[in-house]
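Structure first, commentary second.
The values are calculated or read from the model by the stated rules, or taken from the named source; none is laboratory data. These numbers come from a predicted model, not from an experiment. As a convention, Cβ positions derive from the backbone with ideal geometry for all residues, glycine included, and neighbour counts pool all protein chains shown.
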Amino acid sequence: MKILFYGTKSYDEQFFNKILEGYPELDIHFTDANIHKETAALADGYEAVCAFVNADLGTEVIEELHSHHVKLILMRCAGFNNVDLEKAKQCKIAVMRVPGYSPEAVAEHAMALVLTANRHTHKAYIKCRENDFSLGGLMGVNLYGKTAGIIGTGRIGQAMANICRGFGMRVISYDKYENPETGIRYLPLSQVLKESDLISLHCPLTEETRHMINRETIQTMKDGVILVNTSRGGLIKTSDLIEGIRAGKFFAVGLDVYEEESPYVYEDLSDQILQTSTMARLLSFPNVMVTSHQGFLTMEAMEAIAHTTLQNAVDFMEGRHSDHELTGRFCQASKGSRTGTGS
Ligand code: NAD
């Protein structure tokens, strides 16, 4: 099977190349071009394409891929909210993904954001390098003994709950589909927002969850709350978050994902003038820590992504049943189930 990998960076190629020998039936080509309307035609002559969270796999792109006889879209990520699944089904293009490749990778990054934003280690590092050993602006709060509110108790939410327990925190959670096996105490969303000192978002972005953190819900949170989002930018209405930060509602905010991230994420734009100001505004606040959708970026996660993506291709080729298929050809995608649409 000939597969075109779109939007690859050196670290992607490194992990796929390492295991390619084990998949002699796959003929893989990499391009650093990301997939969108103008680049979809590059897939001519390929049976499959592989893409990531920042790809545009909307209606027009799927139609274009169909016109070039592409039969399979391999998402090398868990998320698929950037894929028009209905159009893919109509075009008989299968879509497969990599769910739960390393929940700990993302949860550990969520806690790293909390710690950095709370204890200002990013600033302390620069201050010390400049021989400024004063402590002004570095005050933090203890996490020990505080309450962590986990929104979405799937794989990553559970990993984050474990980390928070390790810090001596009381953990409460909200999930639309409660899972008693997690052993986490479930409460209504309003209660979790009201009682938590740290709120960590781990539910998928759907029409229902879009802007779940907004002016009204922010007002119900404790003053001095810490908010961290490693899930999807659209969960937070950024303009309301900025209003809340300005009003002094948050002790710290950590964002690995944010609305409007698509044009920027994974690109080095250090010599360019950004065309939107949201990022600049967020970065102007001393208690906000932003990273560029890197929660997944650990060696273990990359290895797991590479293995599962290539195995998905082989399963498709051999007509094997796979729970990783979203288009319902071999299995039914989980409408209304616990499965999310996240990255
Ligand atoms: P998962 O499917 O295991 O868990 C998602 C949880 O959200 C489930 O328990 C589900 O019941 C719950 N949920 C669904 N709808 C909900 C709703 N309306 N309200 C509250 N909870 C709801 O997914 P996961 O592997 O834990 O991933 C969680 C999210 O993390 C993904 O959706 C994705 O957006 C994000 N993610 C980010 C990165 C990164 O690099 N930053 C990497 C991977 C995943």
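Structure data summary
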| read-out | value |
| --- | --- |
| Qualifying residues in region 226-257 (those that are out of contact with any Asp or Glu (no Cβ under 7 Å at 6 or more places or on another chain) and among the hydroxyl-bearing types (S, T, Y)) - the one nearest to the ligand (Cβ to nearest atom) | S231 |
| Total residues in region 276-298, condition within 24 Å of Q14 (Cβ to Cβ) and in contact (Cβ under 8 Å) with a residue 60 or more places away in the chain | 7 |
| Unmet requirement for I150, which otherwise passes all of (1) in a strand (DSSP E or B); (2) touching a Leu at 6+ places or on another chain (Cβ under 8 Å) | (2) |
| Close pairs from region 158-181: first in a strand (DSSP E or B), partner of a type in the set (S, T, N, Q) and more than 9 Å from the ligand (Cβ to nearest atom), Cβ under 9 Å, at least 6 apart | R170/T147; V171/T147; V171/N162; I172/T147; I172/Q191; I172/S196; Y174/S190; Y174/Q191 |
| One residue from F5, F80 being of a type outside the set (K, R) and touching a Phe, Trp or Tyr at 6+ places or on another chain (Cβ under 8 Å) | F5 |
| Helices (runs of 4 or more DSSP H) contained in region 223-326 and holding at least 1 residues more than 18 Å from N54 (Cβ to Cβ) and at pLDDT 95 or above | 238-246, 299-317 |
| Scope region 53-90; condition modelled with pLDDT of 95 or more and within 20 Å of L297 (Cα to Cα); matching residues | L74, M75, R76 |
| Residue in region 309-329 that is farthest from Y101 (Cα to Cα), counting only those that are hydroxyl-bearing (S, T, Y) and buried (at least 22 other Cβ atoms within 10 Å of the Cβ) | T327 |
| Considering residues of region 170-183 that are under 25 Å from F250 (Cα atoms) and within 14 Å of the ligand (Cβ to nearest atom) only, the residue surrounded by the fewest Cβ atoms within 10 Å (Cβ to Cβ) | I172 |
| Identity of the residue in region 195-221, closer than 19 Å to T147 by Cβ and surrounded by fewer than 18 Cβ atoms within 10 Å (Cβ to Cβ), that ends up farthest from the ligand (Cβ to nearest atom) | Q219 |
| Qualifying residue in region 122-134 (condition: within 16 Å of the ligand (Cβ to nearest atom) and either in a helix (DSSP H, G or I) or more than 23 Å from the chain's Cα centre (by Cα) (or both)) | no |
| Of the criteria (1) modelled with pLDDT of 95 or more; (2) within 28 Å of F5 (Cβ to Cβ), which one R119 fails | (2) |
| Answer residue from region 1-34, given it is outside any helix (DSSP H, G or I) and among the aliphatic types (A, V, I, L, M) and is farthest from L310 (Cα to Cα) among those | A33 |
| Counted residues, region 141-169 - those being of a type in the set (A, V, I, L, M), more than 10 Å from the ligand (Cβ to nearest atom) and buried (at least 18 other Cβ atoms within 10 Å of the Cβ) | 5 |
| Yes/no for A117 being in a helix (DSSP H, G or I), away from the ligand (no atom under 13 Å from the Cβ), hydrophobic (A, V, I, L, M, F, W, C) and in contact (Cβ under 8 Å) with a residue 12 or more places away in the chain | yes |
| Answer residue from region 156-182, given it is modelled with pLDDT under 95 and in contact with a Ser or Thr (Cβ under 9 Å, 6 or more places away or on another chain) and is farthest from P103 (Cα to Cα) among those | N179 |
| Filter result for A88 (touching a helix residue (DSSP H, G or I) at 6+ places or on another chain (Cβ under 9 Å) and either surrounded by 16 or more Cβ atoms within 10 Å (Cβ to Cβ) or of a type in the set (A, V, I, L, M) (or both)) | yes |
